[in-house]
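Input: a single structure, listed below in structure tokens.
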Amino acid sequence: MKKTFCNILSLAVLVAGSQAVSFAQTNPNTARTNAVMSLEEYNTDRTKVDKLKSAKENIDFSADHEKTGADGKTWRYKGQIYNKIAFDSKLKVEFPDAAVTAYDAYDKALELEEAKVEAKGKPKTKIAAKGEFKSGFEEVARSLYNGGVDAYNAQRYESALSHFSSILKIKDRTAYFTEKKPINLKIGIGEKTLDMEIEAARLGGISAIQLKKPEEAEKLLMPLLKENKIHKDLISSTYSSLAMAYHRSGNSTKANKIIAGARKEYPTDQNLLITEINIALAEGKLEELEGKLKQAVEADSKNVELHFVMGNMYDEIFRKRLEAEKLDEAKTFFDKAVEWYGKAFALDAKHFNSAYSLGAIHVNYSNSFAQRMNDIPNARDPKYKELESEYNKLLQGGLTSLKAAETIKADDISVAVALKEVYGRKNDEENFMKYKKRVEELQQK
């Protein structure tokens, strides 16, 4: 009998407990209070992740309720809670867009505070809790940046763009009450200070490219390019990516405009040249491009880089023709590339890129001869002998130019690797072992 009474008592406690939880869930003010208390517990002990999750559930309920959802405090608390989630190593995996939700919550809170003071006939500069809003948005900026980078690295570009776009809204959204003390959108990375706005625009723009949204990408990237706010090593690749995004979308006019403007500013940049070549090839306008480059060379006949660029253009076309197995066309562009690389090297015998490119194009071309030789089973076949002769000539041409490149840059690992390969193909064991050792030495540097 006693045992039965205890069971009934336990059941009564359980039912009473469930009723208490139900009551809290129907009372938005209680839910909001519980959310704040759970957040404080989590702030005291960051291992209590369940408290932060409980805070999230309660504040979501309160924010969605008609009674508390119109109160700016509710949304400020929601911003605080979601920002903590965005920084928590466990929960940010479960809620990867928590930082965006935090920004939206602060934005909503600010909107409600503005409406409150304006309803009283006062300017919105009279809003309450300016300090809390300022610190809140600054913290959100950091969680947005971290979350955006995480999403970008995971190739979740839609999420990345959402994170980075939110960062770019913060300064304008808060400008009217942060004039004297502007929002701090800089973050320390090691010994360097990173401008989150610049990186958000750059990575957001690249994300937009990946999402096939060239117009949005242009809005984010072009101001950075025009104002030289992108590292010099990334400028040409950024222009090229943006131009190709428009080209792939079918807007060749815009693609050509972007690349033409970039080429005017950086006339000898190889990355931009290759992009221009690819667009010209796709549009069947190679002769037009070729003519422009020749005019540039004629106007500056002693410019080594322009001669090299011409060689590089023909080299790119040669490789595409070779990949398409259009052998006669490939030979034509091989000869043109060699001619212009040779002219550049004649103008400057210390021009490493010309010497190395001459060596590389010979070796690359020899590969196609080796493949065709493999298709002939009889080494005595006249066709085999013909191919073998050309193969050896190309290897020797490559060797000569690579050795010249080595005299210019003795410690360049790409030259050492190429020489090792050439000597291996020539069955020169002594030199093959020499450059094998050299490559290993350079890899240790």
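Go through (1) touching a residue at least 12 places away in the same chain (Cβ under 8 Å); (2) part of a helix (DSSP H, G or I); (3) more than 18 Å from TYR103 (Cβ to Cβ) for VAL149 and report which single condition fails.
(3)
Residue by residue through segment 225-267, note down the ones that are within 16 Å of the chain's Cα centre (by Cα) and charged (D, E, K, R).
Across segment 225-267, the qualifying residues are LYS229, LYS232, ASP233.
Taking helices (runs of 4 or more DSSP H) that fall entirely within segment 67-120, which contain at least 1 residues that are modelled with pLDDT of 95 or more, more than 32 Å from the chain's Cα centre (by Cα) and surrounded by fewer than 17 Cβ atoms within 10 Å (Cβ to Cβ)?
98-119
Has segment 189-205 got at least one residue that is part of a loop (DSSP other than H, G, I, E, B), modelled with pLDDT of 95 or more and outside the structural domain of ILE317 (by TED's automatic domain parsing)?
no
Kindly list, by first and then second residue, each pair from a residue in segment 204-231 that is free of Cβ contacts under 8 Å to residues at least 60 places away in the same chain to a residue that is of a type outside the set (Asp, Glu) and outside any helix (DSSP H, G or I), limited to pairs with Cβ atoms under 6 Å and residues at least 6 apart or on different chains.
Listed pairs, sorted by first residue: PRO214/SER249; LEU224/ILE230.
Among (1) farther than 24 Å from ASP60 by Cα; (2) in contact with a Pro (Cβ under 7 Å, 6 or more places away or on another chain), where does SER159 come up short?
Only one criterion is unmet by SER159, namely (1).
Tell me, which residue of segment 275-289 that is within 27 Å of LYS226 (Cα to Cα), out of contact with any Ser or Thr (no Cβ under 8 Å at 6 or more places or on another chain) and in contact (Cβ under 8 Å) with a residue 12 or more places away in the chain is surrounded by the most Cβ atoms within 10 Å (Cβ to Cβ)?
GLU276
What tally of residues in segment 200-243 results from selecting those that are surrounded by fewer than 19 Cβ atoms within 10 Å (Cβ to Cβ) and of a type outside the set (Lys, Arg)?
Residues that pass the stated criteria total 12.
Regarding segment 101-112, can at least one residue be identified that is out of contact with any His (no Cβ under 9 Å at 6 or more places or on another chain) and more than 28 Å from GLY204 (Cα to Cα)?
Yes, segment 101-112 contains at least one residue that is out of contact with any His (no Cβ under 9 Å at 6 or more places or on another chain) and more than 28 Å from GLY204 (Cα to Cα).
For segment 156-202, name all the residues that are more than 24 Å from the chain's Cα centre (by Cα) and of a type in the set (Ser, Thr, Tyr).
THR174, TYR176, THR178
Quick one: what pairs do we get from segment 153-165, first residue within 20 Å of ILE198 (Cβ to Cβ), second assigned to a helix (DSSP H, G or I) and of a type in the set (Lys, Arg), C-beta under 9 Å, 6+ apart or different chains?
PHE164/ARG202
Let me spell it out: the conditions are (1) under 24 Å from HIS163 (Cα atoms); (2) without any contact (Cβ under 8 Å) to a residue 24 or more places away in the chain; (3) among the small types (Gly, Ala, Ser), and GLY72 meets all of them except one. Which number is the exception?
(2) is the only condition that GLY72 fails.
If we keep just the residues of segment 309-344 that are within 12 Å of SER357 (Cβ to Cβ) and among the acidic types (Asp, Glu), which is farthest from the chain's Cα centre (by Cα)?
Across segment 309-344, the extreme among qualifying residues is ASP315.
The values are calculated or read from the model by the stated rules, or taken from the named source; none is laboratory data. Keep in mind the model is a prediction, meaning the values are calculated, not measured. Cβ sites come from the backbone with ideal geometry, for glycine too, and all protein chains shown count toward neighbours.
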